[in-house]
Amino acid sequence: MMLSVGTEREADADVYARLAPELVRFAAVLAGPSGADDLVATAVLKAFSNPGWTGVQNQRAYLYRAVLNEARQEGRATVRRLRREQLAAVPEHSDGPTVRPEVLEAMRQLEPRQRAIVFFTYWQDRSPTEIAEDLGVNTRTVQRELASARQQLLEHLR
């Protein structure tokens, strides 16, 4: 019995070692580079701790979805925290917002799934079918979300 547990952990370690670099790049697009490592670590830990993990057929797709879901949860938590802070904060004068590149700002306006689809399409040159498989949606959803994301990016960058 002990050998079985050790073997499973080694297998999980191998999965993590193989997929971590691409998951971190994916997380950086979703949540920014500063928190990408932590986002992946949290998502992977939750996935590996899930009792159903041992039965997962496509571990890569499962982990991509886990990272996307964790980014969504963190995004919602951040929004809630910022709302609470704004309510509690005393208005102060500032020198203005920090200047950011236009494309990054436009990407931040997209929903997390749209950012994921844009990332897969343009940064990883993946097909809609591959993207759909990794995100657990159908190909038509990927095509529709990509078209919507393109339109939003064009409008924001004009």
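Read-outs: derived from the displayed coordinates by stated rules, not from any lab. Since this is a predicted model, take the numbers as computed values, not measurements. Positions of Cβ are generated from backbone atoms using ideal geometry, with glycine treated the same way; all protein chains shown enter the neighbour counts.
With neighbour counts taken as other beta-carbon atoms within 10 Å, the residues 123, 53 rank, fewest first, as 123, 53. The residue 104 and residue 139 beta-carbon pair, evaluated with R₀ = 35 Å, returns a calculated FRET efficiency of approximately 0.80.
Counting 0.36 nm for each residue step from residue 123 to residue 46 and taking away their Cα separation leaves a gain of 25.1 nm. Counting beta carbons within 10 Å around each of 29, 24, 142 and listing the fewest first gives the order 24, 29, 142. Take the alpha carbon atoms of region 111-158, find their center, do the same for region 19-88, and report the distance between the two centers in whole angstrom. Taking the Cα centre of each part, region 111-158 and region 19-88 sit 18 Å apart. Overall, region 112-158 carries a charge dipole of about 220 debye about its Cα centre when +1 sits on the Cβ of Lys and Arg and -1 on the Cβ of Asp and Glu, all other atoms neutral. Each of 60, 108, 113 was scored by other Cβ atoms within 10 Å of its Cβ. Listed from fewest to most, they are 108, 60, 113.
Basic side chains Lys and Arg get +1 at the Cβ, acidic Asp and Glu get -1 at the Cβ, and with that the dipole of the chain about its Cα centre reaches some 520 debye. Does the chain classify as rounded, prolate or oblate by the C-alpha gyration tensor (a ≥ b ≥ c root eigenvalues; a/c under 1.5 gives rounded; else a/b over b/c gives prolate, otherwise oblate)? In terms of gyration-tensor shape, oblate.
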